Amino acid sequence: MTLTFDQKNVSAFKKIVLAVFALVCFTGYSQPKKTNPKFKVIAFYTGKNDQAHISFVHEANKWFPKMAEEHHFEYDSTSNWDNLNAKFLAKYQVVLFLDTRPETPSQREAFQQYMEKGGAWMGFHFSAFALNHSTYPQNWDWYHNTFLGSGEYGSNTWRPTSAVLRVENQHPVTKNLPKTFSSAPNEWYRWGNDLRKNPDIKILLAIDESSFPLGTGPKQSEIWHSGYYPVVWTNKNYKMIYVNMGHNDIDYENKTNKTLSYTFENKTESEFILNGLFWLAKSKK
């Protein structure tokens, strides 16, 4: 069949639309550039490990651009971890890890140098995960022991549930928070290292005792009845904040993979994260 000129244009236009759609899906979100943004944020993600983490990545890549519009900063995201290099990072004041961590030696070296030269970072949930004999072994000592201080992953609660979080230390990020507040549902992590014994670590939020028992199982080890569990902290030697939140509840039981809870729908928690972002960027809302 011979296409008319208009049909050819329509066909070409469809190809362009599909190409743009594929580019957005596989390379991340890029916000329209502002003339004078307060600061620039780049978020790295993988988006392939666990439907709950994928759900959070999608949510973050909608929420942060909205906050960027409201508060006049720029937000970009990418799934290309090779962008973790000095030239690329020089354009941004804050780096986010939405789910995983860098894996290659060059990516890791670039990130360490970025942080040691005064860069800022916020990591969520799975970005701190490390477990030997898993896909993400503890094979990066600077990151897990020196920078994060947490060491190896120890265990987690299940299923994702809300917890009462308690402010542990006064800090610019926590000064306007209530002493305790209820979080969005989350899978909570326990760590190999006791962060209270690390003089470089300042714990900002921990799980309050009123949360116990925390988790519903079915395994008894997935239900916490006591203990001390930090969930947000900073390292005094770096501009960084680790946030254990970032695991949405998912309908695994019925195999629909439908998202049942959203992290950023919790107003207090979201305000805290936004405050943390502005503190890292040394900017005012």
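What whole-number distance in Å separates the alpha-carbon centres of the stretch 157-184 and the stretch 71-96? Taking the Cα centre of the stretch 71-96 as reference, the centre of the stretch 157-184 is 28 Å away.
For the stretch 154-210, the set of trypsin sites (Lys or Arg not before Pro) satisfying both a DSSP loop assignment and a count of at most 14 other C-beta atoms within 10 Å is given as Lys175, Lys179.
Once all protein chains are placed together, Trp224 keeps about 10 Å² accessible to a 1.4 angstrom probe. Relative contact order of the chain, taken over Cα pairs closer than 8 Å and 6 or more residues apart, is 18 percent. Estimate the FRET efficiency between Lys48 and Gln170 by the formula 1/(1 + (r/R0)^6), using the beta-carbon distance for r and 30 Å for R0, to the nearest 0.05. With R0 = 30 Å, the Cβ-Cβ based efficiency is 0.20. Computed from the C-beta positions of Asp82 and Thr135 and an R0 of 25 Å, the FRET efficiency is 0.85 to the nearest 0.05.
To the nearest Å, what is the center-to-center distance of the stretch 233-285 and the stretch 120-138, using C-alpha atoms only? Measuring centre to centre over Cα atoms gives 16 Å. In this structure, the amide hydrogen of Gly47, modeled 1.01 Å from its nitrogen in the peptide plane, lies closer than 5 angstrom to those of Thr100, counting only residues at least 5 positions away or on a different chain.
If you split all Cα-Cα distances of the chain into 5 Å bins from zero, what percentages do you get per bin, shortest first? Spelled out per bin, shortest first, that is 1, 5, 11, 16, 18, 17, 12, 8, 4, 2, 2, 1, 1, 1, 0, 0.
In order along the stretch 184-194, the Karplus-derived 3J(HN,Hα) couplings, from 6.51 cos²θ - 1.76 cosθ + 1.60 at θ = phi - 60°, round to 6, x, 7, 8, 9, 9, 10, 10, x, 9, 8 Hz, and Gly and Pro are given as x.
In terms of its Cα atoms, the stretch 79-160 spans 39, 25, 22 Å along the principal axes, sorted from long to short. Remark: spin-label model distance Ser182-Gln113 equals 4.8 nm, labels positioned 7 Å along the Cα→Cβ axis. Shape class for the stretch 178-284, computed from the alpha carbon gyration tensor (a ≥ b ≥ c): oblate, with a/c not under 1.5 and a/b at or below b/c.
The values are calculated or read from the model by the stated rules, or taken from the named source; none is laboratory data. Since we're looking at a predicted model, the values are computed, not measured. Quick reminder, even Gly has a Cβ in these numbers, built from the backbone with ideal geometry, and neighbours come from all protein chains shown. When the accessible area is computed, the model is the full protein with side chains, heavy atoms only, and any ligands, DNA or RNA have been set aside. Shrake-Rupley method; radii C 1.70, N 1.55, O 1.52, S 1.80 Å.
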